[in-house]
Amino acid sequence: MRLVILGGPGAGKGTQAELLHRRLEVSWIATGDILRTAIAAKDADGDSQTELGRQAQNYVERGELVPDEVMIHFIRQRLLRADAASGWVLDGYPRTAFQAEELDFLLEDLHQHLDYAIALEAPESVLTRRSLARGREDDTPEAIQRRIALFLERTTPLLEYYEMRHRLIRINSDQPIDQVQQEILNHLGVG
């Protein structure tokens, strides 16, 4: 099964992706981890950051989305790894309708298809509280507010993209974790 988990920062994407990864025995691909790895990567000489890592870091530090062409490159590299061949849960990508379309083109190239996009929905106050509670270095109040604003601005076209293709599952994520997971599994027909 190939799934994407959508939702604002703090919606529970990572939590639900990890649970789906375990339950469905598919790879969990978290774009946050991909970006942190890219930022930490060194060039061929091993003494300086890669160009793509530098580009990604500039955006991440400001709480902004990494440009589409950079993210698509990272996602392509990750989906080409052997562990992704039998299925995956993509956590944190796509974030725009353009990225969703690019992902579909990429999957077509790889002879794969997306089964569902799962939208985890919660009020903005819940997203802020949960994001602050994570305590990550890049989770400053300003960066969190910027991420939430960007997410809300781009959400409608992204959800419409998947809704028009009959691949969107909407889940209220402002409820206990196990209840959210059970609703997702029920929609996937594996509950």
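The single condition among (1) touching a helix residue (DSSP H, G or I) at 6+ places or on another chain (Cβ under 7 Å); (2) of a type in the set (A, V, I, L, M, F, W, C); (3) under 24 Å from residue 2 (Cα atoms); (4) in contact (Cβ under 8 Å) with a residue 60 or more places away in the chain that residue 106 does not meet is (4). Per the listing 92, 135, 87, 191, the residue uniquely under 23 Å from residue 33 (Cα atoms) and either in contact with a Cys (Cβ under 7 Å, 6 or more places away or on another chain) or without any contact (Cβ under 8 Å) to a residue 40 or more places away in the chain (or both) is 135. When residues in region 123-159 are screened for being over 18 Å from residue 65 (Cα atoms) and under 17 Å from the mean Cα position of the chain (by Cα), 2 of them pass. Within region 19-63, the set of residues being assigned to a loop (DSSP other than H, G, I, E, B) and β-branched (Val, Ile, Thr) comprises 26, 50.
When the residues of region 23-57 are filtered to those that are surrounded by fewer than 12 Cβ atoms within 10 Å (Cβ to Cβ) and modelled with pLDDT of 85 or more, which remaining residue is farthest from residue 183 (Cα to Cα)? Here the answer is 40. Residue 92 falls short on exactly one of the conditions (1) over 25 Å from residue 172 (Cα atoms); (2) modelled with pLDDT under 90, and that condition is (1). Taken over region 39-69, the criterion of being more than 21 Å from residue 95 (Cα to Cα) and among the hydrophobic types (A, V, I, L, M, F, W, C) is satisfied by 40, 41, 44.
Condition check: in a helix (DSSP H, G or I) and either over 25 Å from residue 129 (Cα atoms) or of a type in the set (Asp, Glu) (or both). Does residue 16 satisfy that?
Considered against the rule, which asks whether it is in a helix (DSSP H, G or I) and either over 25 Å from residue 129 (Cα atoms) or of a type in the set (Asp, Glu) (or both), residue 16 comes out as no.
Among residues that are touching a helix residue (DSSP H, G or I) at 6+ places or on another chain (Cβ under 6 Å), of a type in the set (A, V, I, L, M) and under 25 Å from residue 20 (Cβ atoms), residue 70 is not included. When region 70-94 is filtered for residues that are aliphatic (A, V, I, L, M) and either surrounded by 17 or more Cβ atoms within 10 Å (Cβ to Cβ) or assigned to a helix (DSSP H, G or I) (or both), the ones remaining, listed by number, are 70, 71, 72, 75, 79, 82, 84, 89, 90. Looking at region 1-13, which of the residues that are in a loop (DSSP other than H, G, I, E, B) and among the aliphatic types (A, V, I, L, M) is surrounded by the fewest Cβ atoms within 10 Å (Cβ to Cβ)? Here the residue is 1. When residue 158 is tested against the conditions (1) over 25 Å from residue 61 (Cβ atoms); (2) among the aliphatic types (A, V, I, L, M); (3) in contact with a helix residue (DSSP H, G or I) (Cβ under 6 Å, 6 or more places away or on another chain), the lone failure is (1).
Looking at the structure I just gave you, is residue 152 in contact with a strand residue (DSSP E or B) (Cβ under 9 Å, 6 or more places away or on another chain) and of a type in the set (A, V, I, L, M, F, W, C)? Spelling it out, it is not the case that residue 152 is in contact with a strand residue (DSSP E or B) (Cβ under 9 Å, 6 or more places away or on another chain) and of a type in the set (A, V, I, L, M, F, W, C).
The values are calculated or read from the model by the stated rules, or taken from the named source; none is laboratory data. Computed from a predicted model, the values in this text were never measured in an experiment. Neighbour counts run over all protein chains shown; Cβ positions are idealised from the backbone, glycine included.
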